[in-house]
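What follows is a set of notes on a single structure, which appears directly below.
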Amino acid sequence: MVIGGGVIGCSIAREVTRYTPDVVILEKEADVADGTSKANNAEVHSGIGEKHGTLKQKLNVRGNRMYEEFVKGLGVDFKRQGLLIVITPRSLPDRVTGRLPALRRQLLKELVPRLILLSGKRKGIPGQRIVGREEIFRMEPNVTREAIVGVHDPTYGLVSPYKLTIALAEHAIINGAKVFLDTEVTGVNVEGGRVKGVVTDRGEISAPIVVNAAGVFADDVADMAGAGGFKIHPRKGATLIFDKETTTEYVRGSVAEAKLFVKKKSKGGGGMPTIEGNLQLGPTAIEVDDKNDTSISAGEIEEIFERFHYLLPDFPRRSVIAAFSGVRAPTTDEDFIIGPSDTAHGFVNVAGMQSPGLASAPAVAQMVLEILQDLGVPSEPRPGFDPVRPTPALFADQDRKGRERLIKEDRRHGHVICRCEQVTEADVVNAIHGIVPATNMDAVKRRTRAGMGRCHGGFCGNRVAAIIARELWMPVTAVTKDGGGSRLFAGETKHFLEEIG
Amino acid sequence: MKKIRRPDVAVIGAGPAGLAAAIAAYRAGMEDVMLIERDMELGGILPQCIHDGFGSIVFKEALTGPQYAQRYIDELGGTDVEAKLNTLVLDISPKRRITAVNAREGIIDIQPKAIVLAMGCRERTRHQILLPGYRPAGVVNAGLAQRYINIEGLMPGRKMVILGSGDIGLIMARRVTLEGAEVAGVFELMDHPGGITRNVVQCLHDFDIPLHLSHTVTFIHGKKRVEGVSVAEVDSEFKPIKDTERFVPCDTLMLSVGLIPENEISKKAGVELDPVTGGPVVDERMGTSVPGMFSAGNVVNVFDLVDYVSRSAEDAGEGAAEYVRKPGRRKKPIRVVPGENVKYVVPQLVRDTGRDMSFYFRVERPQRSVAIQVLAGGEVLTRRKAKMVLPPEMIKADISPGDFGGRGKVGPISVEVVSDEE
Ligand SMILES: Cc1cc2nc3c(=O)[nH]c(=O)nc-3n(C[C@H](O)[C@H](O)[C@H](O)COP(=O)(O)OP(=O)(O)OC[C@H]3O[C@@H](n4cnc5c(N)ncnc54)[C@H](O)[C@@H]3O)c2cc1C
């Protein structure tokens, strides 16, 4: 049993179904990928940013290498597009040779890129190379003129984190797993030093092995089993997303500014397109008290503008189409905590999964599988495992022929309901009746992109709500944005007037 | 390969602009006019605008939106214009090749001799104005809320805060009040209302709804559904003043924070856009930078009055018909530039001074006792007095060939608003 339907929980569950179909995922929200796994920067880092020798550094490098194999059969795009690390006068803190400008410049130009290469080599990251100033501008014409030199990191990639998580959950399901949504674990039953199962807000479920992949809540869940002893202090990160159109004019790949010898709590971030082609700028890193604090403050917006204005001057400020915040789950010592509990046999913590959790997911799943096999999960691959997850084709992703074929198969593909992202009625219907069904607006958006474009649901919002209501036999007034109390409407018109009398 | 359709004129969008343009092109002798609309009915935004105030210029009557639209729909019924509903244009090439899709015919190729772009505009969202806070349900654009209430019979909330005092925001304040919801207040960033005076009086004052000028929303509270907003007064640079911040409980934040002309496909077609209006740079016939491509209505710039939309669309429809008949080279344009206290002028170009034309413009700041002047090469062509001009109200200045006084070649044209206090 896996607690938490994020990218980590779903990766583990899918891995386990290769050996046994007897897997359950419990998720408190109305959809998988509804925690941090939907609100991150979608980068599959190479591992260059992590401190050498940490668990997360090792799993990051290993996970990155495994990605093609990991997404195979899932119907999810992964693009190894590379990262351009730009070295600027700000790449060294002032305390380092701040008063010796000539020496400083020399260091920045000659030493810093070599330090990065050396560090990459030590961590086992292949293919990094130094890029001269001219080449930087050839690769990214809009990068700051202050750029001195760069390093290209070719193994860096991009993936859609929520599409990946949904696909993993669905792949697990077609191989026998069960996913219970809207199911919150409120207690863990431990008897005589052994895990027996969990208590949820919808009843008890017994299981001899329980994996804690509860993201920012992993410390709370661990405490329920008496297997804690670590504390997660939530750290929020905000990102701005830009219109696709200006993005393609503005950046070609991902760019980041090198920052050496700074005490950093999280990677510096940068300007990176999503795999769908929208530029993202961010993230910030702010300690918060509330694990559900996914707000974005005016100060953070300012900070993002200010910080990236340097690296990417004149970025298209006016074409922000969305902003989001995600909550990281760092522990006090800032590393992943992966391992079986000594006190509750059968209970496994997979905690502290902050960045690069997404990049590390394949390696984390493999590591956890090995732990679970020690606890009794079969070690022989199962012959019945289906390596391919059936994926409904999205209209927008097809070429002309593909689109014509889709319309022939289902006329509702001729009915485009989201004009910005060209999502059709059939796309929405397929998402609603998917293997992990999309039962609210955000869930439909994650699968189809309806409402993700520049008008942000201004055109398609009512249409998507009506289709959800129709397909799920519910009144439109019961449709939610994101499950729970997030209803879109207060009622029908005239309703209040009747109440008032 | 399916057959390529080759109409004389294709009009994209069947709102008031598209309807008027299609009818005008047909009346100008075009036999094969195609009107393409992505929605399931004609009329664009008008069917949801059930308040009155439409048609005072064109029909000299106060009509509701649906009534105004119906006049044109009826007139269209008397023509041979082919209306394609539920059909979305996916792409237009600079060579005027349209790719569209609908459920009945699948993907359709259309190669018209001329095109009128009449896609209207869309609402600016909370993210485009970078509103801080959470992302709960209950943040809704005023235009979408209008559609929910007036077409679909759904109430987006019970207790609202409205940000932005544009006309749609004002009209929706009244509309939701009539539905038994409460409006805790309308908050406006500027020190003057965004909508026209009549709406401020009839929609807010008459219902005792407070209007807070020089205020903004600083934070949206609520994780699943809106629970309230923080509001604050702003200083002269529109920055919130910290100690004026206060919490207003509500379940809905309605936004009326501006409209953006919808020009994504115009851009694909290679049409040059004006960074100020957000719409195509046009001449007096609403012709764009791409020969044979015209534009009409709110896709050009946000007109306040539907009557102006219809009028400008007639020019576009006739312009398209003329182009089909005589696709030859166009005259070199004269530039039209905004002068004193004028934010922008549409059209931005004039090619032919030998016909009647209208300039539509907005002022930058409110001003009393003014003269509105059109100049060419520095010489005043026309002058008209006005008691008061306001930024939210679009102004129209008409010019006839006689005003050019037989000048053959004229210098740059400009429109200006100057003080008339002697
Ligand atoms: C701003 C930001 C940017 C980031 N960018 C990157 C990046 O570019 N690359 C990268 O590799 N990493 C990145 N990360 C980190 C990455 O997002 C995380 O490491 C990853 O998503 C963690 O996945 P998870 O499954 O552990 O957590 P989550 O996705 O949060 O999943 C945990 C799930 O458990 C559920 N849950 C919790 N408690 C219970 C309970 N009691 N009962 C039932 N269910 C429960 C939650 O609802 C949630 O769905 C970023 C993080 C942030 C915040």
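The values are calculated or read from the model by the stated rules, or taken from the named source; none is laboratory data. None of these values were measured; they are calculated from a predicted model. Reconstructed Cβ throughout: ideal geometry from the backbone, glycine too, with neighbour counts over all protein chains shown.
On the basis of being more than 23 Å from the chain's Cα centre (by Cα) and of a type outside the set (A, V, I, L, M, F, W, C), does B:T177 make the cut? Here the answer is yes, as B:T177 does meet what is asked. Look at A:S379 and say whether it is surrounded by fewer than 17 Cβ atoms within 10 Å (Cβ to Cβ) and among the polar types (S, T, N, Q). For A:S379, the condition - surrounded by fewer than 17 Cβ atoms within 10 Å (Cβ to Cβ) and among the polar types (S, T, N, Q) - is met.
For segment A:228-255, the set of residues classified as of a type in the set (G, A, S) and crowded, with 23+ Cβ neighbours inside 10 Å consists of A:G237, A:A238, A:S254, listed by residue number. From the set of residues in segment A:49-65 that are farther than 13 Å from A:I125 by Cβ and out of contact with any helix residue (DSSP H, G or I) (no Cβ under 8 Å at 6 or more places or on another chain), which is surrounded by the fewest Cβ atoms within 10 Å (Cβ to Cβ)? The qualifying residue surrounded by the fewest Cβ atoms within 10 Å (Cβ to Cβ) is A:G53. From the list B:E188, B:E152, the one residue that fits, being of a type in the set (D, E) and either surrounded by fewer than 21 Cβ atoms within 10 Å (Cβ to Cβ) or within 12 Å of another protein chain (Cβ to nearest Cβ) (or both), is B:E152.
When you check A:A256 against the structure, is it within 16 Å of the ligand (Cβ to nearest atom), touching a residue at least 60 places away in the same chain (Cβ under 8 Å) and within 14 Å of another protein chain (Cβ to nearest Cβ), yes or no? So A:A256 fails the test.
Looking for something of a type in the set (D, E, K, R), assigned by TED's automatic domain parsing to the domain that holds A:M272 and either within 16 Å of the ligand (Cβ to nearest atom) or buried (at least 22 other Cβ atoms within 10 Å of the Cβ) (or both) - is there at least one such residue anywhere in segment A:112-135? Taking every residue of segment A:112-135 in turn, at least one turns out to be of a type in the set (D, E, K, R), assigned by TED's automatic domain parsing to the domain that holds A:M272 and either within 16 Å of the ligand (Cβ to nearest atom) or buried (at least 22 other Cβ atoms within 10 Å of the Cβ) (or both). How about segment A:123-232: which strands (runs of 3 or more DSSP E) wholly inside it have at least 1 residues that are within 23 Å of the chain's Cα centre (by Cα) and touching a residue at least 60 places away in the same chain (Cβ under 8 Å)? Counting at least 1 such residues, we get A:149-153, A:157-159, A:178-180, A:185-191, A:210-212. For first residues located in segment A:280-294 and over 13 Å from A:A42 (Cβ atoms) and of a type in the set (A, V, I, L, M), partners that are near the ligand (Cβ under 9 Å from one of its atoms) and part of a strand (DSSP E or B) and lie 6+ apart or on another chain with Cβ distances below 6 Å form the pairs A:A285/A:R235; A:A285/A:G237; A:I286/A:K236; A:V288/A:K236. Is there a residue being at pLDDT 95 or above, more than 22 Å from the chain's Cα centre (by Cα) and surrounded by fewer than 23 Cβ atoms within 10 Å (Cβ to Cβ) anywhere in segment B:161-172? No - not one qualifying residue is present in segment B:161-172. A residue that is over 23 Å from A:S325 (Cβ atoms) and basic (K, R) cannot be found anywhere in segment B:217-228.
For (1) modelled with pLDDT under 95; (2) part of a helix (DSSP H, G or I); (3) outside the structural domain of A:I321 (by TED's automatic domain parsing), each residue gets a yes or a no:
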| site | (1), (2), (3) |
| --- | --- |
| A:A438 | no, no, yes |
| A:D442 | no, yes, yes |
| A:R446 | no, yes, yes |
| A:G457 | yes, no, yes |
| A:A465 | no, yes, yes |
| A:I468 | no, yes, yes |
| A:M474 | no, no, yes |
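Yes/no per residue for (1) more than 18 Å from A:D243 (Cβ to Cβ); (2) modelled with pLDDT of 95 or more:
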{"site": "B:L259", "(1), (2)": "no, no"}
{"site": "B:E262", "(1), (2)": "no, no"}
{"site": "B:K268", "(1), (2)": "no, no"}
{"site": "B:V282", "(1), (2)": "yes, yes"}
{"site": "B:N301", "(1), (2)": "yes, no"}
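Selection over segment B:250-285 of residues that are among the aliphatic types (A, V, I, L, M) and under 14 Å from the mean Cα position of the chain (by Cα) gives a count of 4.
Going residue by residue through segment B:224-231, is there one that turns out to be under 19 Å from A:E302 (Cα atoms) and either more than 13 Å from chain A (Cβ to nearest Cβ) or among the β-branched types (V, I, T) (or both)? Yes, the conditions are met somewhere in segment B:224-231.
B:N102 meets each of the listed conditions (1) touching a Lys or Arg at 6+ places or on another chain (Cβ under 9 Å); (2) more than 26 Å from A:L406 (Cα to Cα) apart from (2).
Out of A:V364, A:V377, A:V388, one residue alone is in contact with a Ser or Thr (Cβ under 7 Å, 6 or more places away or on another chain), part of a loop (DSSP other than H, G, I, E, B) and not charged (D, E, K, R). It is A:V377.
Within segment B:56-72, the set of residues being closer than 22 Å to B:A25 by Cα, of a type in the set (A, V, I, L, M, F, W, C) and surrounded by 17 or more Cβ atoms within 10 Å (Cβ to Cβ) comprises B:V58, B:A69. Consider segment A:14-31 and keep the residues that are surrounded by fewer than 24 Cβ atoms within 10 Å (Cβ to Cβ) and within 8 Å of the ligand (Cβ to nearest atom). The one that is farthest from A:V436 (Cα to Cα) is A:K28.
In the condition set (1) more than 10 Å from every other protein chain (Cβ to nearest Cβ); (2) more than 29 Å from B:S266 (Cα to Cα); (3) surrounded by fewer than 22 Cβ atoms within 10 Å (Cβ to Cβ), B:Y134 is compliant with all but (1). Only one entry of A:P390, A:P381 meets the criterion of being modelled with pLDDT under 95 and either closer than 16 Å to B:I107 by Cβ or away from chain B (no Cβ under 11 Å) (or both), and that entry is A:P390.
Residue-by-condition table, conditions (1) of a type in the set (A, V, I, L, M); (2) at pLDDT 90 or above:
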| position | (1), (2) |
| --- | --- |
| A:M224 | yes, yes |
| A:A227 | yes, yes |
| A:I232 | yes, yes |
| A:G237 | no, yes |
| A:V251 | yes, no |
| A:S254 | no, yes |
| A:F261 | no, no |
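Considered as a group, the residues in segment A:334-361 that are away from the ligand (no atom under 11 Å from the Cβ) and assigned to a loop (DSSP other than H, G, I, E, B) include one that is nearest to the other protein chains (Cβ to nearest Cβ), and that residue is A:E334.
Taken over segment A:235-252, the residue count meeting the criterion of being within 14 Å of chain B (Cβ to nearest Cβ) and within 13 Å of the ligand (Cβ to nearest atom) is 5. Name the single residue that is farthest from the other protein chains (Cβ to nearest Cβ) among those in segment A:406-436 being more than 17 Å from B:I108 (Cβ to Cβ) and part of a loop (DSSP other than H, G, I, E, B). Top of the filtered list is A:I435. Considering only residues in segment B:85-127 that are surrounded by 22 or more Cβ atoms within 10 Å (Cβ to Cβ) and more than 23 Å from A:V416 (Cβ to Cβ), the one that is nearest to the chain's Cα centre (by Cα) turns out to be B:R126. Looking at A:S11, A:S37, A:S46, just one residue is part of a loop (DSSP other than H, G, I, E, B), surrounded by 24 or more Cβ atoms within 10 Å (Cβ to Cβ) and outside the structural domain of A:H433 (by TED's automatic domain parsing), and that residue is A:S46. Report whether or not A:D182 is over 25 Å from A:T343 (Cβ atoms), modelled with pLDDT of 95 or more, within 11 Å of the ligand (Cβ to nearest atom) and outside the structural domain of A:L312 (by TED's automatic domain parsing). Here the answer is yes, as A:D182 does meet what is asked.
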